[in-house]
Structure formats: structure tokens, C-alpha cells
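Novice: Provided herewith is a single structure, encoded as C-alpha cells, for subsequent inquiry.
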Amino acid sequence: FMPAHIVKRIETEDGAVYRTYKPAPSANLPPEPTLQLVDVLVDAVRGGTGRRAYLGTVPVAGKTGTANKSKDLWFVGCTPE
């Protein structure tokens with residue numbers, strides 16, 4: 001689990017890093033089934049319905065879906081960062 005952070009760092013006017021925020025990950029799920037699930041979600045982006053979210057060298061995992069007779073389409077995804 002990795003808590004979401006909107007601010008990664010704060011810089012001064014001259015570009016010096018004033019403060020950096022780094023999330024503290026924690027393992028809340030068993031590794032093997034979690035890796036299998038992420039692999040399926042990566043495949044959805046590499047060659048499935050989430051192809052438009054493909055970022056080349058950046059691994060992306062994602063899930064697509066539809067609602068209301070395909071009038072509402074959605075995508076949710078993540079990267080290691």
C-alpha cells in the first residue's frame with residue numbers, strides 16, 4: 001500500500017529543494033496473488049482495452065470499463081511512481 005501524495009517536493013524561488021515528501025509503503029496483501037493481479041492489469045494496457053494509456057518504457061497497470069450502454073467509458077490506472 002502506498003498512500004497518495006499530491007505534493008512531492010517544495011522548491012524555493014531559485015530552484016533549491018526546500019522539502020521532499022516520500023510516502024512510506026507498507027505490505028498489506030500477500031505478494032504472489034498481488035503480483036499476478038498487477039500483471040493482468042499491465043497486460044490490459046500493453047495490448048488490451050487500455051492501450052491508449054501505454055507509456056512506452058514506463059510500466060502502467062490499468063482497468064477499463066463501460067456503463068450506460070457504452071455511453072460512459074472509464075479508465076483507472078497506476079505506475080510504480
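Novice: For residues that are at pLDDT 90 or above, in a loop (DSSP other than H, G, I, E, B) and surrounded by 10 or more Cβ atoms within 10 Å (Cβ to Cβ), tally how many sit in region 7-28.
Specialist: Going through region 7-28, the residues at pLDDT 90 or above turn out to be 9-20.
This time we only want the ones that are in a loop (DSSP other than H, G, I, E, B), so: 12-16.
Filter once more, keeping what is surrounded by 10 or more Cβ atoms within 10 Å (Cβ to Cβ): none.
Qualifying residue count for the region: 0.
Novice: If we scan region 48-62, do we find a residue that is surrounded by 10 or more Cβ atoms within 10 Å (Cβ to Cβ) and in a helix (DSSP H, G or I)?
Specialist: Checked against the condition, which is being surrounded by 10 or more Cβ atoms within 10 Å (Cβ to Cβ) and in a helix (DSSP H, G or I), region 48-62 yields at least one hit.
Novice: Any residue at all in region 68-80 that's over 23 Å from ALA4 (Cα atoms) and part of a strand (DSSP E or B)? Write out each step before concluding.
Specialist: We begin by selecting, within region 68-80, every residue over 23 Å from ALA4 (Cα atoms); these are 68-73.
Of the ones still in play, those that are also part of a strand (DSSP E or B) are 72-73.
Checked region 68-80: at least one residue is over 23 Å from ALA4 (Cα atoms) and part of a strand (DSSP E or B).
Novice: Could you run through region 9-27 and say how many residues are of a type in the set (Phe, Trp, Tyr) and under 14 Å from GLU81 (Cα atoms)?
Specialist: Result for region 9-27: 1.
Novice: Run LYS69 past the list (1) open to solvent by less than 100 Å² (accessible area, probe 1.4 Å); (2) on the phi > 0 side of the Ramachandran plot and report the number of the one that doesn't hold.
Specialist: (1)
Novice: Within the set of pairs 6+ apart or on separate chains, which have a first residue in region 1-28 that is more than 23 Å from GLY77 (Cβ to Cβ), a second that is assigned to a loop (DSSP other than H, G, I, E, B) and of a type outside the set (Ser, Thr, Tyr), and C-beta atoms under 9 Å apart?
Specialist: Hits for this filter: ARG19/VAL7; THR20/LYS8.
The values are calculated or read from the model by the stated rules, or taken from the named source; none is laboratory data. Here the structure is a predicted model, which is why all the values come from computation and not from measurement. When we count neighbours, we look across all protein chains shown, and the Cβ atoms used for this are built from the backbone with ideal geometry, even at glycine. The area values use the complete protein model at the heavy-atom level, side chains included, leaving out ligands, DNA and RNA. Shrake-Rupley method; radii C 1.70, N 1.55, O 1.52, S 1.80 Å.
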